[in-house]
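Report on the following structure.
The values are calculated or read from the model by the stated rules, or taken from the named source; none is laboratory data. Since the model is a prediction, treat every value here as computed from it, not as a measurement. All Cβ positions, glycine included, derive from the backbone under ideal geometry; neighbour counts span all protein chains shown. Surface accessibility is based on the protein's heavy atoms, side chains included, excluding ligands, DNA and RNA. Shrake-Rupley method; radii C 1.70, N 1.55, O 1.52, S 1.80 Å.
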Amino acid sequence: ADALLLVTEPTPFGLHDLKLALEVAQTIGLKSAVVINRAQKGVEQARELCASFNAPVLAEIPDEVAIAKAYSQGRLAVEAVEGIGPLFTQLIRRLGREFEHHKLISESEMQHLEQALDAHTAKSCKA
């Protein structure tokens, strides 16, 4: 692997595991970035931990019952929470910027993902 994307929750267990993963990544020289899922109380600690390892936080997905319910039904968050689509579009763009030198995804693939997400978000908002 050339880079590492970590997804964490701002709980004591999540922060503990995040610290371990960031330490390993740092030790072996992997660039890391983080997405905070279920962002809630404790998110400040997650941000501080990421900053101490120079790992950017690319997105904070809110802790919302509607997201959990949609997931349990096999649906996407953008189908359940109005206005959340731009958060995921921004995440895709930030992934591309943070890891552009690692060639994880081509520019055309990035554009395709953005268009698909935008179209899905627009369709969900009409429903």
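Brief remarks on what is shown
- Counted by Cβ distance under 12 Å from L18, the other residues give a net charge of -2, where Lys and Arg count +1 and Asp and Glu count -1.
- Between Q115 and Q40, the distance separating the two model label sites (each 7 Å from Cα on the Cα→Cβ line) works out to 3.9 nm.
- Spin-label proximity, L87 to segment 4-47 - amide N less than 12 Å from point 7 Å beyond Cα toward beta carbon: 36-40
- Taken about its Cα centre, the chain carries a charge dipole of roughly 160 debye when the Cβ of each Lys and Arg holds +1 and the Cβ of each Asp and Glu holds -1.
- Sites A66 and V7, calculated FRET efficiency, Cβ-Cβ separation with R0 22 Å, nearest 0.05: 0.70
- With a simple spin-label model that places each label point 7 Å from the Cα along the Cα-to-Cβ direction, the separation between E107 and F53 comes to 3.2 nm.
- The residues of the chain expose on average 63 square angstrom of accessible surface per residue, using a 1.4 Å probe on protein heavy atoms.
- Computed Kirkwood radius, in angstrom, where 1/r is averaged over Cα pairs of the chain: 15.6 Å
- The accessible surface of the chain, taken with every protein chain in place and a 1.4 Å probe, is 54 percent carbon and sulfur.
- Using C-alpha pairs below 8 Å separated by at least 6 residues, the relative contact order for segment 1-101 is 23 percent.
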